[in-house]
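Derivation of every value follows stated rules applied to the coordinates shown; laboratory data play no part. The structure presented is a predicted model; accordingly, all values stated were derived computationally and were not measured. In this analysis, Cβ positions are derived from the backbone assuming ideal geometry, glycine residues included, and neighbour counts consider all displayed protein chains.
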Amino acid sequence: MIRAFLAIEISDEVRTAIVQVQQDIKERLAPHLSKEIRIAWGQRNSFHLTVRFLGEIEKQLIDPLREAIAKIRQSHSTIQIPLDRLQAFPNVLKPRVLWVGPSELWLQSEAAKRLVELHQEIESCCHSFGFAADEKPFSPHLTVARIKTGERQVGPLLAQSGLYER
């Protein structure tokens, strides 16, 4: 068994921009951090945009699934996804995950519709391989950090920092 997910690779330019976002957050939080706050920062080489989390899967499924996804990918053109919004799951006041993603305005665009279509095709493909439907709505994002402890302290600090508005 292997823990697996399907993701969209991102460019070095985007990786550099995300590292800068991390630095901005660290600078804003540094004066207020205590031993009770633990933040796991995403690593530059592992940044990605998750399309579908699969969980634990049998190794023999990897190649057939990869081939099926490659066929889907070939039928779609490149989609530019602006990462111009910092947000948090489950919410900004008690963040467990800090992420960057497209603005609400972009999510209404034709490009966003194409991304949703791609996601739906991938979801259908996964279902054909026996995976249960993903119950969470698709929310395109890249994880910047995970708040391990101290989300009640970090949330208000970030909310007051102005970083969410940029």
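General remarks:
- Modelled label reach - residue 76, point 7 Å along Cα→Cβ, segment 113-150 residues with backbone N closer than 16 Å: 113-128, 134, 137-142
- Taking segment 74-159 and dividing mean pair separation by its residue count, relative contact order in percent (alpha carbons under 8 Å, at least six apart): 39
- Across the cross-link table entries 59/136; 113/136; 94/148; 26/148, which are compared at the Cα atoms, the separations over 20 Å belong to 59/136.
- Our summary gives segment 2-165 a relative contact order of 34 percent, counting only alpha carbon pairs under 8 angstrom and 6 or more residues apart.
- Highest GNM mean-square fluctuation among 102, 140, 90, for the chain modelled with Cα contacts below 10 Å: 90.
- Between 120, 74, 87, the GNM of the chain built on Cα springs shorter than 10 angstrom shows 74 fluctuating the most.
- Among [x] 173; [y] 182; [z] 127, the entry derived from the coordinates for volume of the Cα convex hull per residue in Å³: [z]
- Around residue 75: net Lys/Arg minus Asp/Glu count, Cβ-Cβ under 12 Å: +1
- Dipole magnitude (debye, nearest 20) for the chain, charges at Cβ of Lys, Arg, Asp, Glu: 600
- Proximal charge balance of residue 90 [Cβ under 10 Å; K/R count +1, D/E count -1]: +1
- Theoretical ellipticity at 222 nm over the chain - DSSP helices of four or more residues, -39500 (n - 2.57) apiece, nearest 500: -12000 deg cm²/dmol
- Segment 2-65 and segment 80-111: distance between their alpha carbon centers, rounded to Å: 14
- Counted charge near residue 43, where neighbours are those whose Cβ lies closer than 12 Å (Asp, Glu -1; Lys, Arg +1): +3
- Of the residues 83, 115, 105, the one that moves most in a GNM of the chain with alpha-carbon contacts below 10 Å is 105.
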